[in-house]
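The block underneath contains the structure these notes are about, expressed in structure tokens.
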Amino acid sequence: MSQKYEELAREIVEKVGGSENVSTLTHCMTRLRFALNDNNKADQPAVKALDGVLDVIESGGQFQVVIGTHVEDVYTEAIKHLKSVEGSGRELAKERKVGFIGKLIDFVSGTFSPIVPAIAGAGMIKALLALLILFGWISKESQTYYVLSFMSDAIFYFLPFLLAYSAANKLKCSPVLALVLAGFYSIQT
């Protein structure tokens, strides 16, 4: 890893109140998501002023540090500066008190975040397909249309399975059982 990411991660952990103030740490596509024991210990302006931090947002009981596309690298380094973790290594072991709404938002965002790139890609293929038809470069009866249409529809056809797998990972339960239950649901509908 780059020395730059190591230094940035160390400074972020330091400015959010240190390792002892961090209850959990996860990340999404562009943000480090801290659940802090005491939000008052975090120095939001100092974190925002760090070179490499785009923004800082407090939302849904989380202290979110917007990093950008290299968030995975910063996350990997940040974990090294926190107390030892149990389990998967994706979250620190401490539990914290979060309201029902905060838990619901965390569950929904944690379930859909891994699927968003696939849905966005399917949408881009649909847009490309619409443009190809609009400009008359392909017809609705061509094999190209069928292949592109199949590619863009596949994500939505298998969406119950993708959601089941993603939710199982978020809930730390068996992905295989979740996929089987999604299959039962798909057969019934």
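The values are calculated or read from the model by the stated rules, or taken from the named source; none is laboratory data. Please read these numbers as outputs of a predicted model, since none were measured by experiment. Neighbour counts run over all protein chains shown; Cβ positions are idealised from the backbone, glycine included.
Miscellaneous remarks
- Qualifying helices (runs of 4 or more DSSP H) (wholly inside region 90-189; at least 2 residues being over 23 Å from the mean Cα position of the chain (by Cα) and either among the hydrophobic types (A, V, I, L, M, F, W, C) or surrounded by 11 or more Cβ atoms within 10 Å (Cβ to Cβ) (or both)): 116-134, 143-157, 175-188
- Scanning region 22-29 for any residue that is part of a strand (DSSP E or B), of a type outside the set (V, I, T) and in contact (Cβ under 8 Å) with a residue 60 or more places away in the chain turns up at least one such residue.
- Residues in region 1-42 that are charged (D, E, K, R) and at pLDDT below 85: K4, D38.
- All conditions in (1) modelled with pLDDT of 85 or more; (2) under 25 Å from I101 (Cβ atoms); (3) of a type in the set (S, T, Y) hold for Y75, with the sole exception of (2).
- The lone exception for L159 - which of (1) within 20 Å of R31 (Cβ to Cβ); (2) touching a residue at least 24 places away in the same chain (Cβ under 8 Å); (3) not basic (K, R) it fails: (1)
- Checked against the criterion of being more than 28 Å from M29 (Cα to Cα) and among the polar types (S, T, N, Q), the candidates S109, S142, S174, S149 yield just one match: S142.
- Every condition in (1) part of a strand (DSSP E or B); (2) crowded, with 21+ Cβ neighbours inside 10 Å; (3) hydrophobic (A, V, I, L, M, F, W, C) is met by I57 except one, and the failing one is (2).
- Subset of region 43-52 that is surrounded by 14 or more Cβ atoms within 10 Å (Cβ to Cβ) and of a type in the set (D, E, K, R) - its residue that is modelled with the lowest pLDDT: D43
- Qualifying residue in region 70-78 (condition: in a strand (DSSP E or B) and touching a Lys or Arg at 6+ places or on another chain (Cβ under 9 Å)): no
- Candidate set from region 1-20 (those that are touching a residue at least 60 places away in the same chain (Cβ under 8 Å) and small (G, A, S)); member that is farthest from D51 (Cα to Cα): S19
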